[in-house]
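Participant: The structure under discussion is supplied below as structure tokens; questions concerning it will follow.
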Amino acid sequence: MKGRGKYLVAAACLVVCTVMLMPLAMSILASVKPTEEAAASPPTYFPHGLSFDSYARLWSYQEGLPVYLANSLGTALLAIVLALLLTVPAAYALARFPIPGKEVIFVVLLLALIIPYQALLTPMFLMFAKIGLTNSLVGLAILHTAIQLPFSLYVLRNSFSAIPRELEEAAIMDGSSSWEALRWVFIPSAVPAIVTTALFAFITSWNEFLGALVMMSRSSTFTLPLILATSRTETSLGGTDWGMLQAGVTISIIPCVLVYFLLQRYYVSGLMSGAIK
Amino acid sequence: MRHGPRGRLVGFAYLAPALLFVLAFTAYPLAQMAWMSLHNWSLLSPPRFVGLANYERAFSDTQFWVSFRFTLLYAALITPVLIIGGYLLALLTARNTVLRRVTRTVVFIPVVIGLGVSSLLWYWLFSTDFGLVNRALLDLGVIDKPVLWLGVDATVSSVAISASVVWKVIGFGMILFVAAIQAVPTDVVEAALVDGVSHWQRVTRVILPLTLRTVLLVTLVSVIGSLLAFDQFYIMTAGQPRNETATSVFYIYLNSFPYLKLGYGAALSMILAVTILVFTVIQLLLTRRSHQ
């Protein structure tokens, strides 16, 4: 591209980046405004002083931030473990074993792709209420696993299928069982796919809102997005505590952005394989 | 070892946990939902069979239609912006220079954060007295008094919410478009260059037709996502004014949970699931064809 065009592209890129980063930057800046300034109307653009009071208020808000962080993290980790425990062996079976009716089983396993979980929450709530899985991190993790399972299974099956048969045949010649082949050949060869699925399970669970809203009614079981959404209308000061809300937004965003930057390559390729089923 | 009856059994053993899980937590709720939709079902009294009464009620329920129409309008409002905007961003950033890569990375950041959390962020930005949107528009002289963005007027609320969601998800379409544009064979583009077509003609006559399938795919993903919208409306308007900004999922949520009309909520969920199914089947057919 020649002269003027190059500068136009550069200018357009800078404008786009500014527009996209501005809301995030403003949220972070609002979270470090001193208490009075954070509640000012009209609002200031840039903080006139630096203060972590908003974070301190969030830290001790209702049950306290540690409880909500633990709930969110605990649910996400459970969902990751559960999804991997279920989908790694299943993907192995689908990739390598002669199972009758395999195609039909695969479609059943991908059922959640066709039926949105938003539509299934009414019966799931009833079922979870019966077996004591409402207000439970395990229950919420099960729900998040159900949402994430088709994606994980799909990515892992493709990854296992792409592993050359010679590799496992060598293992079998050495007298390994199918379990040992999975453990020593398949899992090590599919690390990128396993990382991708764990990553997506984390992001899905950490960010998910409606399911948590439906399943959790006791505030001690709330996840981070849930308590923040509650705090937007319930405050002690007689109005929304905007500084604290943005402190919560900032904290919620950090792990997602970290995961994205650390594992960008996996992230984008995972997204592609998820969208182009 | 992997063949014969024993191989089958071993294979099935590996498959069984996932299969049982899906049967218990997806297939069973689906069947239960169909069954519940035929009942007058609340947690407070025993279920009573009512046949198709819940569906009849849905079709004559004005509020259901208001929410359904609102959801369709929202999808119709946001989808073109996402497609055209995402495509333009992809055209801008498709080549692999440092600045373009950085721009792509930046545009994609909001995709990884939660919709609920981004809605809380924008709930503040659009706040009448405390938000930076009004502050900036006042300072620029675009408006002379603060606008009531959220929860007072359905149209104004939709515009504000759409703006926030466009910011949140536009990177998703862009990334898929970038991949499609990069997959256009360079000799095709070069042949067009030799023919002396302008930059814009190259886009409309060569690149766009060759990436049309991705455009359709992203359109479907966007439509399905919009039809399932909930978080942004629950958080930013809570359905106000007068439930005019309550989407379909929102209305199902209201019936099933605060009102505990579970049978009716199940019937509404069935209607939603069938609507989504139509779009999903088109999407799957489309992606399957693009693999061959």
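The values are calculated or read from the model by the stated rules, or taken from the named source; none is laboratory data. This one's a predicted model, so the numbers in the text were calculated from it and none came from an experiment. Cβ: placed from backbone, ideal geometry, glycine included. Neighbour counts: every protein chain shown.
Participant: Can you find, within the stretch A:162-176, the residue that is nearest to residue A:187 (Cα to Cα) among those that are away from chain B (no Cβ under 12 Å) and either under 37 Å from the mean Cα position of the chain (by Cα) or polar (S, T, N, Q) (or both)?
Facilitator: A:163
Participant: Given the conditions (1) surrounded by fewer than 23 Cβ atoms within 10 Å (Cβ to Cβ); (2) at the interface with chain A (Cβ under 8 Å from one of its Cβ atoms); (3) of a type outside the set (S, T, N, Q); (4) under 19 Å from residue A:111 (Cα atoms), which single one is not true for residue B:286?
Facilitator: The number of the failed condition is (2).
Participant: While we're on this one: Name the helices (runs of 4 or more DSSP H) wholly inside the stretch A:149-268 in which the number of residues that are farther than 17 Å from residue B:114 by Cα is 3 or more.
Facilitator: Values: elements: A:165-173, A:178-181, A:191-207, A:210-215, A:224-231, A:242-262.
So the answer is A:165-173, A:178-181, A:191-207, A:242-262.
Participant: Right, next: Return the total of residues in the stretch B:16-40 being crowded, with 17+ Cβ neighbours inside 10 Å and more than 8 Å from chain A (Cβ to nearest Cβ).
Facilitator: Residues in the stretch B:16-40 being crowded, with 17+ Cβ neighbours inside 10 Å and more than 8 Å from chain A (Cβ to nearest Cβ): 4 in total.
Participant: Can you find even one residue in the stretch A:18-35 that is among the hydroxyl-bearing types (Ser, Thr, Tyr) and closer than 28 Å to residue A:194 by Cβ?
Facilitator: Restricting attention to the stretch A:18-35, the residues satisfying the condition of being among the hydroxyl-bearing types (Ser, Thr, Tyr) are A:18, A:27, A:31, A:35.
Of the ones still in play, those that are also closer than 28 Å to residue A:194 by Cβ are none.
No, that holds for no residue.
Participant: Among the residues of the stretch A:98-127, write down those that are in contact (Cβ under 8 Å) with a residue 60 or more places away in the chain and surrounded by fewer than 22 Cβ atoms within 10 Å (Cβ to Cβ).
Facilitator: Residues satisfying the conditions are A:113, A:117.
Participant: Any idea which of A:37, A:63 is among the charged types (D, E, K, R) and closer than 16 Å to residue A:242 by Cβ? Walk me through how you get there before you give the answer.
Facilitator: Details: A:63 fails: closer than 16 Å to residue A:242 by Cβ.
So the residue among A:37, A:63 that is among the charged types (D, E, K, R) and closer than 16 Å to residue A:242 by Cβ is A:37.
Participant: Go through the stretch A:95-112 and count every residue that is part of a helix (DSSP H, G or I) and within 7 Å of chain B (Cβ to nearest Cβ).
Facilitator: Going through the stretch A:95-112, the residues part of a helix (DSSP H, G or I) turn out to be A:95-96, A:102-109, A:111-112.
Subset that is within 7 Å of chain B (Cβ to nearest Cβ): A:96, A:105, A:108-109, A:111-112.
Number of matching residues: 6.
Table: residues versus (1) more than 22 Å from the chain's Cα centre (by Cα); (2) outside any loop (DSSP other than H, G, I, E, B); (3) of a type outside the set (Ser, Thr, Tyr).
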site	(1), (2), (3)
B:120	no, yes, yes
B:127	yes, no, no
B:136	yes, yes, yes
B:143	yes, no, yes
B:161	no, yes, yes
B:164	no, yes, no
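Participant: Here is a further query. Residues B:213, B:205: which one is over 30 Å from residue A:264 (Cβ atoms) and in contact (Cβ under 8 Å) with a residue 12 or more places away in the chain? Steps first, answer last, please.
Facilitator: Details: B:213 fails: over 30 Å from residue A:264 (Cβ atoms).
None of the others qualify; the one that does is B:205.
Participant: Could you look through the stretch A:1-39, keep only residues that are within 10 Å of chain B (Cβ to nearest Cβ) and among the hydroxyl-bearing types (Ser, Thr, Tyr), and pick out the one that is farthest from the chain's Cα centre (by Cα)?
Facilitator: Across the stretch A:1-39, the extreme among qualifying residues is A:18.
Participant: If residue B:197 satisfies all but one of (1) in a helix (DSSP H, G or I); (2) under 26 Å from residue B:94 (Cα atoms), what's the number of the condition it fails?
Facilitator: (1)
Participant: In contact (Cβ under 8 Å) with a residue 60 or more places away in the chain, closer than 27 Å to residue A:31 by Cα and at the interface with chain A (Cβ under 7 Å from one of its Cβ atoms) - does that describe any residue in the stretch B:123-144? Spell out the reasoning first.
Facilitator: We begin by selecting, within the stretch B:123-144, every residue in contact (Cβ under 8 Å) with a residue 60 or more places away in the chain; these are B:123, B:126.
Filter once more, keeping what is closer than 27 Å to residue A:31 by Cα: B:123, B:126.
From what's left, at the interface with chain A (Cβ under 7 Å from one of its Cβ atoms): B:123.
The answer is yes; a qualifying residue exists.
Participant: Still on this structure, I have one more. Assuming residue A:44 fulfils every condition listed in (1) over 15 Å from the mean Cα position of the chain (by Cα); (2) modelled with pLDDT of 95 or more apart from one, which condition is it?
Facilitator: (2)
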